[in-house]
């Protein structure tokens, strides 16, 4: 059994426990999302507590976005065999403008068997499930992007802001008063 099949079966069990038959392999369509990943989005929305239970994520430490994301990703990747087979332990990283993020790599076996895009979608739904389950409570949005053969997770309100200069706050101009002469 290769890594992709193992992960697919595990995801299928998470999503459709009531089905007794073996999951069928779905064909990926360019630009489309595979059935297993669509089902994962559904469970992240409808039953996020069950998804977190299956991933063995009990609680997320820290009110700070970076600490909370690190806690979530470390638990999600290391607490189940399927995730450990697919992902390397997350590491903290920083861009050249001081933003903190979490970098998640795929194992060499997983890279041979699945696309980084599919692995990114799974991480995205893991974060979505954690937020819907109330495990992460910080106000900022979370961006999940592909960075080479890695997945980057970082708190930011706008997409694609990693390694982009931070916007300077608008300086409020004070009205100039003409002096009377």
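The numbers here are math on the coordinates, done by the rules we state, and not lab data. Fair warning: this is a prediction, and the values are worked out from it, not measured in the lab.
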Applying the gyration tensor rule to the Cα atoms of region 75-151 (axes a ≥ b ≥ c; rounded if a/c under 1.5, else prolate if a/b exceeds b/c, else oblate), the class is oblate
Distance in Å, no decimals, from the C-alpha centre of region 35-83 to the one of region 91-151 is 11
Computed over region 83-158, the relative contact order (Cα-Cα under 8 Å, seq sep at least six) in percent reads 30
